[in-house]
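Below you'll find the structure, written out as structure tokens, and then a few comments.
The values are calculated or read from the model by the stated rules, or taken from the named source; none is laboratory data. Nothing here was measured: the structure is a model prediction, and the numbers come from that model. Positions of Cβ are backbone-derived with ideal geometry, glycine not excepted, and every protein chain shown enters the neighbour counts. These area figures cover heavy atoms from the full protein model, side chains too; ligands, DNA and RNA do not enter into them. Shrake-Rupley method; radii C 1.70, N 1.55, O 1.52, S 1.80 Å.
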Amino acid sequence: MSANEDQEMELEALRSIYEGDESFRELSPVSFQYRIGENGDPKAFLIEISWTETYPQTPPIISMNAFFNNTISSAVKQSILAKLQEAVEVNLGTAMTYTLFEYAKDHREQFMENHRPAASATSMSNIISAETPTMAPSSKKKDKKEQLSKAQKRKLADKTDHKGERPRGWNWVDVVKVRTISVLASGLRRTVTVK
């Protein structure tokens, strides 16, 4: 079989094996990512495997340069890549993408035993902004709250219930009053016009 036929068969196998697996992602027909560990787990990492034109007779390209791995030190990444390269040498000439992903899943604890989460970019920016000098508090003008008199407070309390809320319908318009007022107003107009 040619390299292309081997790759097509492995691609079909990967698609069927990892169908519905949220950790697996096909970037292209020759490039794949797999997240080892759960999302949010500080010891989770992402492996990317790309096939060369002559793969599986030649080794695939294995990378850990994804942004997902930004908290992992370069020493830990190099250690993981070295162990995966050993697995590549053992499996050279065979379809090995699935084997490499499973090898990483099985040895995750061993791979990450020296991992100490590095500070992410957001926490570093928070530290930097916290250390920068701010304006003196005396230069800021404080907003003065409006003070209510006792009478104003009493009037406000009378309009509300014991919870500080106004009674239901406080802003409703009384239809009877409005109709009475309009009739009176129309009557006044008539009186004014009669004079």
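For this structure, a couple of remarks:
- The residues listed here are Thr99, Thr52; of these, the one that is in contact with a Pro (Cβ under 9 Å, 6 or more places away or on another chain) and outside any strand (DSSP E or B) is Thr52.
- Residues of the range 84-93 include none that is under 19 Å from Arg25 (Cβ atoms), outside any helix (DSSP H, G or I) and over 27 Å from the mean Cα position of the chain (by Cα).
- Residues of the range 63-76 satisfying the condition of being part of a helix (DSSP H, G or I) and either of a type in the set (A, V, I, L, M) or open to solvent by 40 Å² or more (accessible area, probe 1.4 Å) (or both): Phe67, Phe68, Ser74, Ala75, Val76
- Of the residues making up the range 20-43, those that are open to solvent by 60 Å² or more (accessible area, probe 1.4 Å) and in a strand (DSSP E or B) are Arg25, Glu26, Leu27.
- Some residue of the range 67-87 being in contact with a Leu (Cβ under 8 Å, 6 or more places away or on another chain) and without any contact (Cβ under 8 Å) to a residue 24 or more places away in the chain: yes
- Where a residue in the range 36-47 is within 13 Å of Arg25 (Cβ to Cβ) and its partner, wherever it lies, is of a type in the set (Gly, Ala, Ser) and part of a loop (DSSP other than H, G, I, E, B), with Cβ under 8 Å and at least six apart: Ile36/Ser23; Ile36/Ala44; Leu46/Ala66
- Summed over the range 88-106, residues that are under 16 Å from Leu11 (Cα atoms), open to solvent by 80 Å² or more (accessible area, probe 1.4 Å) and without any contact (Cβ under 8 Å) to a residue 60 or more places away in the chain total 0.
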